[in-house]
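In what follows, a structure is listed as structure tokens, so that the remarks can point back to it.
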Amino acid sequence: MSARHDAVTGMPEELRHDVRLLGKLLGEVIAEQGGADLLEDVERLRKAVIAARRGEVAGDEIAAMVAEWEIDRAVQIARAFTCYFHLANLAEEHYRIRTLRERDTGETVTPESLAQAVQELGADRVTELVQDLELHPVLTAHPTEARRRAVVTAIQRVSNQLTEYSTPGRGATEREESRRRLLEEIDLLWRTAQLRDTKLDPLDEVRTAMAAFDETLFRVVPQVYRSLDAALAEGTGTRVPLARPFIRYGSWIGGDRDGNPNVTARVTREAIQIQAEHVLAALETAATRIARTLTVAAQYTPPSAALKAALELAEDDNPDLVSEMATRSPQEPHRQWLMFVAAKLAATRRRDMDLAYRSPGDLLADLRLAQDSLARGGASRQAYGEVQHLIWQVETFGFHLAELEVRQHSQVHAAALEEVRAGGELSERTEEVLATIRAIAGIQERFGVTACSRYVVSFTRGAADIAAVYELAAHALGDRAPVLDVVPLFESGQDLDNSGDVLTGMLELPQVQKRLRDNDRRMEVMLGYSDSAKELGPAAATLKLYETQERLTSWAAEHDVKLRMFHGRGGALGRGGGPANRAVLAQAPGSVAGRFKVTEQGEVIFARYGHMAIARRHMEQVANAVLMASSPTVGASTAAAAARFRGVAERVAASSEKAYRALTEAPGFPEWFALVSPLEEIGTLRLGSRPSRRGLGAPRSLDDLRAIPWVFAWAQTRVNLPGWYGLGTGLASVGLDDLKAAYAQWPLFNAMLDNAEMSLAKTDRSIAQRYLALGGRADFAEQVLEEYDRTRTLVLLVTGHTRLLENRRVLSRAVQLRDPYVDALSHLQLRALTKLRTSDVSEEERERLSTLLLLSVNGVAAGLQNTG
């Protein structure tokens, strides 16, 4: 019996029902639009790849089948499998949501929840930790979302109809109508183009991110705070909350210009305006909704003297407006006040300065006035229910939604400073650097310093790179320069090693000294996971980052600095990705200290924030992990394990890095990589506004290649090399007993091997061989496959598993069910890639083959559920 057969038979009935229903409806659409023969070809390929997994059909037979089809027919088949993956992913998401709800029985505490953290640590300890708790996700425009926004929206509509169809207690007529609507939306998904015709503009990326805010983030944040408040003490919603807001969102979208000339000062200004428009509209809508329902009569809930006085003052200043509200809601002063608040928010959005709020603080004062009056009048549930939710939303999002951060490369600053000091005519790029600083100043003037003050410097090599930004700011605006918190970003192995010295040098800068005096000695440093992993390999980079965190934690204590580490983690395992809560618990002791800041990008944003239930679960898991990691008990246990296994880590890191560099730095490797993968073609997918290369290095250099296309291209080849390569050699350098002990006792080592295991599980050796053969370098191909075999064997030995993901039943089932269908798309992609790499083709045929290749790339990304 195959592993896939076990996965199918072990699939929960509800999930099996949804997958079959959606697959059947997609089949109807395919037959209607493409004819029965198209559906027959899709089925023929589907059955062949499943049989191949059982060893009943050879890969060469499938390749021959695929080669028989006209390119246009192959494109249609690729579309079919891609749509299937979108629907299968949707079915799994629905099953996950159902499971989360079923497990929330109220009888037991949900694991990895805020309630579980309170149970483990105690309410008093968590109340103390919450005072400094800060969870700071930063949304980025890194181009790792392969789906068009139109496709994402189409999938969401299918999701809504599936929910309607699955609602229990519906009559036959209602169910039939739901089925018809579900079929209509699947038909629309099939007709929606999978590929973008035009490249994304940075402001398109801003608007795309706003969809996550509008649909999920704004509403889910108060639910998370409510969960914490309920866990801390009984009576939540009827008393002053014990939970304080601890989530702060940041954004690089419209602010990250490192290697992206499309992000200009104008874009940065417009990005914050778009953010403000969305958050002010959301606050206005919420205030209006609460006002409409707040029908508490004065005779039963008398207003406080302060609220009466505020209403009288409001009427003096705005007689027509307030009089109209009094007429519409007589004897309902609290309702009148909230309607007035909503009107002021509308004026703020319109920039009607006669009525607009000057700051979020003024809005909070008005809301707390209403809350206090309601509480004094005995309406505690109204005071600490929806009104409290709105207060939490204002405290979390302000009037700017998310802090917009600017990022630029240190080389750009160095060149700009050289021009400024020379005193001659400035280049366009230098003028743009200065314009960006002026844009930051303008944003601060309108929205306050917290809206935009962090300036991240990529590839920081020394304190001079930080000083350069302050000098450029002084040149741009003199004494009117904006408040800047310049954040060094350490990405290479050498830069990570030198990070402490750089921070020490920063302490000597007058501007840094002033900021430390003004902000209670708070400082931030960013650690780059993607580029360090691309340079050193996954194992060596993981251990190097951990050592860096240890050193920086000691440095902060020595210099009396409250240091926050900003983790630049990618979505994919080869870029530092993986389960976020486990990543937090694997951090060096003392490095979290109640504060966790991390990037959320591309497909990760919609995977984590596409649905309320999943978003709430994700945020609770991470908050739980931050609280647990900040506990002295957990920290002491982790520190002891790190000390015990330091020698193991050093040997694994040294050997794995040597093996990784031996491959990636070998002569001819970059050219070989470009041949065996769809690297160059991925650049035409128009995933984002940013080029796939920084443009600061040699065109054929891996150093110049960004980490995202590096990981994305390897995922397409089914090799997933960035997630595991070198680890096997590293593990082989240490005794098995020591490795097993480290895996059992050290969270970092455990997470590293489990992440590698996930990456190995998404690797397919037989398909990978076909890609690797395209490069004409049997030595490289053999080297990669030998390391794969070594890594797979040793990971299984150390974890004690008999097969990959043996202890991750749900994930294992998902991978095994998807694998054959991903195989189908890989064979279609290989047909196109082989022809493009080995044959002279006409321009027309090249275009058609490229369409097939890019559609298959899109489908494989959906099937594997990750890009870069």
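The values are calculated or read from the model by the stated rules, or taken from the named source; none is laboratory data. Predicted, not measured: the structure shown is a model, and the values here were computed from it. Quick reminder, even Gly has a Cβ in these numbers, built from the backbone with ideal geometry, and neighbours come from all protein chains shown. Side chains are part of the model used for accessible areas, which takes the heavy atoms of the whole protein and leaves out ligands, DNA and RNA. Shrake-Rupley method; radii C 1.70, N 1.55, O 1.52, S 1.80 Å.
Tabulated values for the structure
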read-out: Accessible surface of the chain, 1.4 Å probe, proportion on carbon and sulfur as whole %; value: 49 percent
read-out: Sites GLU28 and GLU102 - FRET efficiency at Förster radius 35 Å, r taken between beta-carbons, to 0.05; value: 0.70
read-out: Heavy-atom accessible area ranking, 1.4 Å probe, most first, across LYS658, LYS544, LYS199, LYS24; value: LYS658, LYS24, LYS199, LYS544
read-out: Region 736-775: Rg to Rh, with Rh as the Kirkwood radius over Cα pairs; value: 1.24
read-out: ASP197 accessible area, assembled protein chains, probe 1.4 Å, Å²; value: 130 Å²
read-out: Value of relative contact order over region 717-868, rounded to a whole percent, pairs C-alpha under 8 Å and six or more apart; value: 26 percent
read-out: At most 14 other Cβ within 10 Å, DSSP loop - trypsin sites (Lys or Arg not before Pro), region 89-173; value: ARG170
read-out: Full-extension gain in nm, GLN769 to ARG125, via 0.36 nm per residue minus C-alpha separation; value: 226.4 nm
read-out: Efficiency of FRET between ARG20 and ARG289 - r from beta-carbon atoms, R0 51 angstrom, step 0.05; value: 0.80
read-out: In degrees, nearest ten, helix 172-191 long axis to first principal axis of the chain (Cα); value: 70 degrees
read-out: Cα-based helix-to-principal-axis angle, 538-558 vs the chain, degrees rounded to 10; value: 30 degrees
read-out: Extension gain from SER839 to ASP789, taking 0.36 nm per residue of separation minus the Cα-Cα distance; value: 14.8 nm
read-out: Spin-label pair THR802/GLU68, simplified geometry with 7 Å Cα→Cβ offset, distance in nm; value: 3.9 nm
read-out: Semi-axis lengths (Å, descending) of the ellipsoid that matches the C-alpha gyration tensor of region 583-629; value: 22, 12, 7
read-out: Angstrom value of the Kirkwood radius, inverse mean 1/r, which spans all Cα pairs in region 183-247; value: 15.7 Å
read-out: Residues with amide H under 5 Å from that of GLY250, placed H, sequence gap 5 or more; value: VAL138, LEU139, GLU403
read-out: Virtual spin-label span in nm between ARG381 and ARG157, 7 Å along Cα→Cβ; value: 4.0 nm
read-out: Alpha-carbon centroids, region 640-687 and region 360-401: separation in whole Å; value: 51 Å
read-out: Loop chymotrypsin sites (Phe, Trp or Tyr not before Pro), region 419-498 (other Cβ atoms within 10 Å of the site Cβ: 16 or fewer; DSSP); value: none
read-out: Amide H within-cut-off set for ARG564, under 5 Å, with H built and near neighbours excluded; value: MET523, GLU524, VAL525
read-out: Separation of alpha-carbon centers, region 440-482 and region 46-123, rounded to whole Å; value: 45 Å
read-out: Overall Cα dimensions of the chain - principal axes, largest extent first, Å; value: 84, 75, 59
read-out: Normalised contact order of the chain, rounded percent, pairs of Cα under 8 Å and 6 or more residues apart; value: 17 percent
read-out: Region 99-224: proportion of alpha-carbon pairs further apart than 21 angstrom, %; value: 64 percent
read-out: Accessible area in square angstrom per residue, the chain, 1.4 angstrom probe; value: 39 Å²
read-out: Contour excess over end-to-end distance, with Cα ends at ASP520 and GLU184 and 0.36 nm allotted per residue; value: 115.2 nm
read-out: Around LEU21: net Lys/Arg minus Asp/Glu count, Cβ-Cβ under 14 Å; value: -1
read-out: Nearest-ten-degree value, helix 612-629 long axis tilted from longest Cα axis of the chain; value: 90 degrees
read-out: Backbone HN-Hα couplings from phi across region 382-394 [Karplus 6.51/-1.76/1.60, Hz, Gly and Pro as x]; value: 6, 5, 10, x, 5, 5, 5, 4, 5, 4, 4, 5, 5
read-out: Fraction of beta bridges assigned by DSSP in the chain that are antiparallel (%, nearest 5); value: 5 percent
read-out: Qualifying GluC sites (Glu not before Pro) for region 573-670 [loop in DSSP, other Cβ within 10 Å: at most 11]; value: GLU665
read-out: Estimated distance in nm for a label pair at VAL810 and GLN411, the labels positioned 7 Å out from Cα along Cα-to-Cβ; value: 4.4 nm
